[in-house]
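The values are calculated or read from the model by the stated rules, or taken from the named source; none is laboratory data. Being a predicted model, the structure only gives us computed values, none of them experimental. Note that we place each Cβ from the backbone using ideal geometry, even for glycine, and neighbour counts take in every protein chain shown. These area figures cover heavy atoms from the full protein model, side chains too; ligands, DNA and RNA do not enter into them. Shrake-Rupley method; radii C 1.70, N 1.55, O 1.52, S 1.80 Å.
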Amino acid sequence: MLNAIERGTFDYYATFPNSRHTRQQHREQAAREARGQPLGQLLDAYLAAMRAARALSPSSIATYARWAEARLRPRWGATPIDEVTPADLRAWVADLAGELSPKSVRNCVTLMSGVLDQAVEDGLLTTNPLDNIKLRKLIPRRRKSDDEDRIDPFNDAEVAAILAAADRPEERALYQFAFASGLRTGELIALKWAHVDWLQGYVHVVDNVVDAEVGTKEQDTKTGNTRDIPMLPAARTALEAMRAISQLASGYVFLNSDRRRWSSSQQIRDRWEIVLRRAGVRYRNPYQTRHTFASRLLMAGEPELLVAHLLGHESVEMVRRHYGKYIRQPDGVQLKGDYSSFGTDPAVSRRTHSG
């Protein structure tokens, strides 16, 4: 050892591998290497953790995975985690806002923030560089007119035109049932003959089909609760049409023209767009069939709580917030209190009553 010291070749850490100083050196070296990990590796680990935890729906994970490949990995995949700066992130978000919808931008930013938060928890960063960025200044607020899920129901003439333009009987039955039941698109795809109660006149809504990273996945309804939908005449007619078409050969109620279960909501949307164009009806997405069902029932005076149940909501608050203008007062607006002196001068009111 003395000879090595004299020659200048002495290696303390190799000579004393189990010493406290050597262990500290190894920890510091490992920390430096970890902080230099490319963000792409951390992104993979974060997505894997989300899949394993199953805290999000398959469709949400699929959405994040798509944005990871489209927007995060190309820009940040090779960047060392400790070289991600607020300035670079601010420029990235601004670029996204110039190309994508506000919702899509927020999906990308939410995913990026999750990766950076995990890096903070793992000691790779001291703070999340996104925390001090004021996103509201970079992402324009979404206008209601731009929101494809805003309540914009079809009127009777439009419904009739859509059904008339659906020259494929399978599609016409699907649309007619959607208007008359208020089911979500995934619930329509997942509906099975075993859940149709012809005798009692109800449809039991049990399952839902959602997009996954590969194809689709069948799971419980969005809220996890089942519900019963009474068959309106139009809904029964649609089911009878599908029974004649499928001859109950498939467990699923709604089949496409290939006599197969609809593969996804996108497949339905593609055909829906064609039919609306043929019908000359202003385009709204297929989810508006659900809004049409709800608004029609409320305008007919059906109780809010009943409509909430039929839609699968756990309370009436969603119905009141989204469909308030369609809620009809059975006897008009009638106030029950005594407001004779409300908003008047008390002295004038006393003279009027004493006189």
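Residue 117 - would you say it is outside any helix (DSSP H, G or I) and not β-branched (Val, Ile, Thr)?
Values: outside any helix (DSSP H, G or I): no; not β-branched (Val, Ile, Thr): yes.
Spelling it out, it is not the case that residue 117 is outside any helix (DSSP H, G or I) and not β-branched (Val, Ile, Thr).
Give me the residue from the stretch 34-49 that is assigned to a helix (DSSP H, G or I) and not aliphatic (A, V, I, L, M) and, out of that set, farthest from residue 73 (Cα to Cα).
Applying the first criterion (assigned to a helix (DSSP H, G or I)) to the stretch 34-49 yields 34-35, 39-49.
Next, only the ones that are not aliphatic (A, V, I, L, M) stay: 35, 40-41, 44, 46.
Values: 35: 18, 40: 6, 41: 10, 44: 10, 46: 13 Å.
Ranking the candidates gives 35 first.
Name every residue in the stretch 247-288 that is assigned to a helix (DSSP H, G or I), of a type outside the set (D, E, K, R) and within 17 Å of residue 158 (Cβ to Cβ), in order of residue number. Full working, then the answer.
So the first thing to find is which residues in the stretch 247-288 are assigned to a helix (DSSP H, G or I), and the list is 265-279, 288.
With the extra rule that they be of a type outside the set (D, E, K, R), the set shrinks to 265-268, 272, 274-276, 279, 288.
272, 274, 275, 276, 279, 288 - these are the residues of the stretch 247-288 that are assigned to a helix (DSSP H, G or I), of a type outside the set (D, E, K, R) and within 17 Å of residue 158 (Cβ to Cβ).
Would you mind finding the one in 30, 52 that is surrounded by fewer than 13 Cβ atoms within 10 Å (Cβ to Cβ), in a helix (DSSP H, G or I), at pLDDT 60 or above and not hydroxyl-bearing (Ser, Thr, Tyr)? First the steps, then the outcome.
Numbers: 30 fails: at pLDDT 60 or above.
Matching residue, one of 30, 52: 52.
Does residue 81 satisfy the condition of being surrounded by 19 or more Cβ atoms within 10 Å (Cβ to Cβ) and either over 25 Å from the mean Cα position of the chain (by Cα) or touching a residue at least 60 places away in the same chain (Cβ under 8 Å) (or both)? Show your work before the answer.
Working: surrounded by 19 or more Cβ atoms within 10 Å (Cβ to Cβ): yes; either over 25 Å from the mean Cα position of the chain (by Cα) or touching a residue at least 60 places away in the same chain (Cβ under 8 Å) (or both): yes.
Criteria met by residue 81.
Out of everything in the stretch 87-109 that is over 9 Å from residue 138 (Cβ atoms) and small (Gly, Ala, Ser), what residue ends up being nearest to the chain's Cα centre (by Cα)?
Across the stretch 87-109, the extreme among qualifying residues is 104.
Report, by residue number, each residue of the stretch 66-99 that is closer than 23 Å to residue 56 by Cα and not in a helix (DSSP H, G or I).
None - no residue of the stretch 66-99 is closer than 23 Å to residue 56 by Cα and not in a helix (DSSP H, G or I), so the list stays empty.
Tell me which residues, restricted to the stretch 262-293, are among the hydroxyl-bearing types (Ser, Thr, Tyr) and either in contact with a Leu (Cβ under 8 Å, 6 or more places away or on another chain) or touching a residue at least 60 places away in the same chain (Cβ under 8 Å) (or both). It would help to see each step written out before you state the result.
Within the stretch 262-293, the subset among the hydroxyl-bearing types (Ser, Thr, Tyr) is 263-265, 283, 287, 289, 292.
264, 265, 283, 287, 289, 292, listed by residue number.
Would you point out which residue out of 305, 298 is in a helix (DSSP H, G or I), open to solvent by less than 80 Å² (accessible area, probe 1.4 Å), under 30 Å from residue 234 (Cβ atoms) and at pLDDT 65 or above? Give the steps one after another, and end with the answer.
Working: 305 fails: open to solvent by less than 80 Å² (accessible area, probe 1.4 Å).
Among 305, 298, only 298 is in a helix (DSSP H, G or I), open to solvent by less than 80 Å² (accessible area, probe 1.4 Å), under 30 Å from residue 234 (Cβ atoms) and at pLDDT 65 or above.
State all residues of the stretch 86-118 that are of a type outside the set (D, E, K, R), over 18 Å from residue 67 (Cβ atoms) and surrounded by 15 or more Cβ atoms within 10 Å (Cβ to Cβ); if no residue qualifies, say none.
none
Quick one: would you say residue 287 is more than 22 Å from residue 160 (Cα to Cα), under 25 Å from the mean Cα position of the chain (by Cα) and of a type outside the set (S, T, N, Q)?
The answer is no for residue 287.
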